[in-house]
1. Sorting A:Thr151, B:Thr27 on the 10 Å Cβ count, fewest up front, what's the list?
2. Beyond 16 Å, what share of the Cα-Cα pairs of region B:146-233 remains, rounded to the nearest whole percent?
3. Roughly how far apart, in whole Å, are the Cα centres of region A:8-68 and region B:189-249?
4. Placing a label point 7 Å from Cα toward Cβ, how far apart in nm is B:Asp22 from its equivalents in the other copies, listed shortest first to one decimal?
5. Kindly put A:Ser166, B:Ser26 in sequence by how many other C-beta atoms sit within 10 Å of each C-beta, fewest to most.
6. With no solvent and one point on each alpha carbon, what is the Debye value of log10 I(q)/I(0) for region A:57-123 at q = 0.13, 0.23 Å⁻¹?
7. So what's the back-of-envelope 222 nm ellipticity for chain B, counting only DSSP H runs of four-plus at -39500 (n - 2.57) apiece and dividing by all residues, rounded to 500?
8. Size of the dipole of region A:137-238 about the Cα centre, Lys and Arg at +1 and Asp and Glu at -1 on the beta carbon, nothing else charged, in debye to 20?
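Every number in this text was worked out from the coordinates using simple rules, so none of it is lab data. These numbers come from a predicted model, not from an experiment. Note that we place each Cβ from the backbone using ideal geometry, even for glycine, and neighbour counts take in every protein chain shown.
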Protein chains: 2
Amino acid sequence: MTNLRFTIQYDGTRYDGWQRQDNTGSTIQGKLEHVLGEMVGHAVEIHGAGRTDAGVHARAQIAHCKLNTALSPREIRDYCNRYLPEDIAVTACDQADERFHARLNATGKRYVYRLWTDAVPNVFERRFVCPWERALDLDAMRRAAAQVCGTHDFRAFSSNKRMKKSTMRTVTRLDIERIGGEVRLTFEGDGFLYNMVRILAGTLVEIGQGDRAPDSIPAILDSCDRAQAGITLPARGLILDEVFYSVDF
Amino acid sequence: MTNLRFTIQYDGTRYDGWQRQDNTGSTIQGKLEHVLGEMVGHAVEIHGAGRTDAGVHARAQIAHCKLNTALSPREIRDYCNRYLPEDIAVTACDQADERFHARLNATGKRYVYRLWTDAVPNVFERRFVCPWERALDLDAMRRAAAQVCGTHDFRAFSSNKRMKKSTMRTVTRLDIERIGGEVRLTFEGDGFLYNMVRILAGTLVEIGQGDRAPDSIPAILDSCDRAQAGITLPARGLILDEVFYSVDF
């Protein structure tokens, strides 16, 4: 068996997220396992670095998978792209160290949340941006973003009520930029809790609208109470942009 | 009645082109006339600068239309964007001179044809590029493009067999650029015959592949014979990028 590392791009609009479900729904993992399984003639399990939710996109999701095949990584990549639906692509396939695990070895991730704030819609990017009509004060959002950065208990920013594992995470970067008609939020950190990026983005948007104070983040963090944080923004504006690994892999 | 000038953006993938058809098919013109008719309560006719074919996109199609309404141009724009499907948007609406006619007053147009030549597909741009696997010699294509520019009888580059009007046209610009994994062809001219951009692009691609000589354009033009020119490339890679008017409008 060869351990392979895949870089995967997808438009998540039509899918029920990354993770395979039992007999229901259409998932990215399910589509990949089906195509790879047909290719090698045995059952295949592919492990993604992050389990993106329904409707969330990825520019460069990373996954690994053990295959019994004589095909080269490039042949595997091209086979996948021939048989995958056109909203999923394998942008790279490389032989990996046999110990490489896409999720366990990931040291961090970058997510991008894209708000479309222009008065007229963007037809060409519509599947990848969340339309937002109200004006946003980016300076207020940036002041709040600075308080998000660092190592904190992010329990208040997660929808998972039965979280038993640690909810401590480190956010290393939270940039807020205006790019034409778009407001783009870029999040980097060692890991993100369930819905954490979308709730952080929703809280920052409420601050940008003036519905919350820019200095309200520390109290929300301290509360460990989901009800104290802002709304969960829609999936369509969220993109898993990159997964980071240490130089060992 | 107020004469209004509309700038319209659309993803043509789902449509049978710009032009309204009698009771069959879904067209951009039909969608706009329906929404505007509901808004003003009378039958509406909207005239586009160019009748894009099924599957062709527009970044800035121009159209005019006479409406009996007290709404401001901005209110009309916002009403349209509220009720149009999300693959069509009115990016601008302005009051126009009562003599302004979007098609008759147009002095030129810019079309862009986008080929995706990378070995891996582009998921996010897939609706707006034509995948092309074979390698293209851009220098050969540029030598041929220089012979396309100028005033010629372009009958050989049109699919319209019963063309009675003049087939003389002037191409003022034909640029060929590589942008990342994309080869982009930009056409400007005073007007384009039916399928002319897609047949010119197909002929240039055949030259880029080495299937035709770079200096073969003059003989094709002279022949006035569609069969001498290259293939018609698919609609999906074609975008009506801009329509030009004289300063009078």
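1. Details: A:Thr151 12, B:Thr27 20.
By the 10 Å Cβ count, ascending: A:Thr151, B:Thr27.
2. On the way: 1936 of 3828 pairs.
Considering region B:146-233, 51 percent of its Cα-Cα pairs are separated by more than 16 Å.
3. Region A:8-68 and region B:189-249 have Cα centres separated by 41 Å.
4. Between copies, matching label points for B:Asp22 lie 5.8 nm apart.
5. Details: A:Ser166 10, B:Ser26 13.
The order, fewest Cβ neighbours first, is A:Ser166, B:Ser26.
6. The computed values of log10 I(q)/I(0) come out as -0.55, -1.15.
7. When only DSSP H runs of four or more count, the value is -6500 deg cm²/dmol.
8. Numbers: 15 positive and 13 negative charges, 112 e Å.
Taking the Cα centre of region A:137-238 as origin, the dipole is about 540 debye.
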